[in-house]
Amino acid sequence: RINSGFYLARSNAPTIQAFEDIIKYASKSRMSEQPCFYDVMCGKEGQNMIGDTKCAYNGMTVELLDRHLYPNGITDKIWETEEGKIPYKWPHLYILHNNWVKGADGKQARFEKHGFIMFDKEDELCIYPTAW
């Protein structure tokens, strides 16, 4: 499935049309935007898939990112990892989507629990980790 929480897209007519198609499809669906994104771009049954990692849609090729390198909030139960251990247990992550948790407070608490708040409130400066 496509993680529509993270993507890189060209700003051109086919891309704009694809997003319009996704919005139209989603407006008639009870699913969240991520399954709608997949259904439109790759086909409900994957009929637009090219191999395991690409889809063809409206003259475009959509490349799917590896869910284990660009996971959403439920993949591999990463967020259930012991405090501070995510970077060590999954050292090759590029992005970890902080979803599958309700509200901004839940996201903030999760980031704090795992040491992903990299801002010193007192000095008002970014903190750059020296380990990982």
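The values are calculated or read from the model by the stated rules, or taken from the named source; none is laboratory data. If you're wondering where the values come from, they're calculated on a predicted model, not measured in any experiment. Glycine gets a Cβ as well: all are built from the backbone with ideal geometry, and neighbour counts include every protein chain shown. Just so you know, the surface numbers come from the protein's heavy atoms only, side chains and all, with ligands and any DNA or RNA stripped out. Shrake-Rupley method; radii C 1.70, N 1.55, O 1.52, S 1.80 Å.
Structural remarks
- Residues (assigned to a loop (DSSP other than H, G, I, E, B) and touching a Phe, Trp or Tyr at 6+ places or on another chain (Cβ under 8 Å)) located in the stretch 97-131: 97, 98, 100, 101, 114, 117, 118, 127
- Pick from the stretch 89-103, criterion open to solvent by 80 Å² or more (accessible area, probe 1.4 Å) and free of Cβ contacts under 8 Å to residues at least 40 places away in the same chain, ranking: farthest from residue 131 (Cα to Cα): 102
- Candidates 34, 17, filtered to the one that is open to solvent by 50 Å² or more (accessible area, probe 1.4 Å), outside any strand (DSSP E or B) and among the polar types (S, T, N, Q): 17
- Restricting the stretch 68-86 to residues that are in a loop (DSSP other than H, G, I, E, B), open to solvent by less than 30 Å² (accessible area, probe 1.4 Å) and within 27 Å of residue 53 (Cα to Cα), the residue that is modelled with the highest pLDDT: 71
- Residue, most open to solvent (accessible area, probe 1.4 Å), within the stretch 37-49, restricted to residues that are without any contact (Cβ under 8 Å) to a residue 12 or more places away in the chain and not polar (S, T, N, Q): 45
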